[in-house]
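Bear in mind that the values in this text are calculations on the coordinates, not laboratory data. What you are looking at is a predicted structure, and each value in this text was computed from that prediction instead of being measured. Heads up, the Cβs are rebuilt from the backbone with ideal geometry, glycines too, and the neighbour counts pull from every protein chain shown.
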Amino acid sequence: MEIKRIFCLMLALAMVLALASCQSGSFTDKLNEVVNGTGDTTGDDTEDGDTSLPAYTAMSDGLDEKGFFEGVKALDYVTLPEFDSLIMPEFPQITDRAVENGDFVNIDYVGSVDGVEFDGGSTNGEGSDVIIGVTSFIDDFLEQLIGHKPGENFDIEVTFPDPYQSEDLAGKDAVFNITINYIWDITDEAAKAIGFEDRDNMAQYIASTYSSVEETVADPEVVVFLTAAQCEEPPESVMDTVRAMMRTNIELQASQYGVDADIFVQYIIGASTLDEYLEVQAPYQAQQSMIFQAVAEREGITATDEDITEHEYESYVDVYGKPYVLYSLLQEKVMDLIDEKLA
């Protein structure tokens, strides 16, 4: 699985929880206005320059009254693995050997210049994952970890480059007190199980996204299941539905920042335009949604009015339409089932 598919999954999971995410600041006021019938969803700019709510009922177009893709049986397109055929990867921590080049290492550090600690120069005891030879750090910082073992505490000396992002540190000599906590034991097989091509591909992903090993491998059950499932090209009706969902979801997020969708994807996601983003990601999202629906079909999972009441989603029905609310609840139920079966 390519890295863009991993990212798409993360966005997909964020979409599932979109209903519960719109609950802060002035955006809540806008949403409440729509729910109460006093606001609009025309997409026109408000007087303060903020972007008003898109027509979120588009999220329900193409879904039936049960929250499934209308007229589509997902199991006709999807081959699902059996839960008991899947093996969860292990990411143990090594503490009995020295650090080597290429290792994923968790460290703590405190930096100082002329004996004085500087802002941003400490992990504050929370640990930080670095990959020797991959993570971008001050020259010779990571190389000086090689040969030391977990549990060791020692100092290393570095010189900040000049120019540097912090003018106060540019060109200065610094001392970092290092504690090596542990080395992650990551194999190619474990990396492949959560969707990466191999261990090196996982390392490049972590280095490029400022993620940590723990964040990358946290709750990997859904990713393992999606990686093992096979989905043919979804019908065009599903593609249209998913594109509309993703477009509206991005517009929703952009409106929280008071910017249009193209600017949002440029700065938050890195795509040039929303259309470009949808062209690349919508096919993956459609396949993932089809896999979730196929699980619901196979396992007899449904979402009901009682679920809407239990989650206190009644107000969102008026905004997004009942089919999308049920679709979101179905996705949550499927993910919970996968977590339960593979835990």
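Listed peptides 327-333, 63-69 appear in the order 327-333, 63-69 once ranked by packing, highest mean of other Cβ atoms within 10 Å at the front. Here the 3J(HN,Hα) profile of the stretch 212-220, calculated from phi with Karplus coefficients 6.51, -1.76 and 1.60 at θ = phi - 60°, is 10, 4, 4, 5, 5, 9, 5, 6, x Hz, Gly and Pro shown as x.
Rounded to whole numbers, the Karplus 3J(HN,Hα) couplings from phi for the stretch 229-241 are 6, 10, 10, 6, 4, x, x, 4, 4, 5, 4, 4, 5 Hz, using 6.51 cos²θ - 1.76 cosθ + 1.60 with θ = phi - 60°, and x at Gly and Pro. Karplus-derived 3J(HN,Hα) values for the stretch 293-298, using 6.51 cos²θ - 1.76 cosθ + 1.60 with θ = phi - 60°, are 5, 4, 5, 4, 5, 5 Hz; glycine and proline are entered as x.
Going by neighbour counts of Cβ atoms within 10 Å, the residues Leu326, Leu169, Leu86 line up, fewest first, as Leu86, Leu169, Leu326. Potential lengthening of the chain between Glu276 and Glu197 amounts to 26.0 nm, from the contour at 0.36 nm per residue minus the alpha-carbon distance. Between the amide H of Ser122 and those of Gly111, distances stay under 5 Å, these residues lying 5 or more places away or on another chain, with hydrogens modeled in the peptide plane. The residues packed around Lys149, meaning those with a beta-carbon under 10 Å from its beta-carbon, carry a net charge of -1 if Lys and Arg are +1 and Asp and Glu are -1. Among the listed pairs Lys73/Lys333; Lys66/Lys192; Lys149/Lys341; Lys172/Lys192, those whose Cα-Cα separation exceeds 30 Å are Lys66/Lys192; Lys149/Lys341; Lys172/Lys192.
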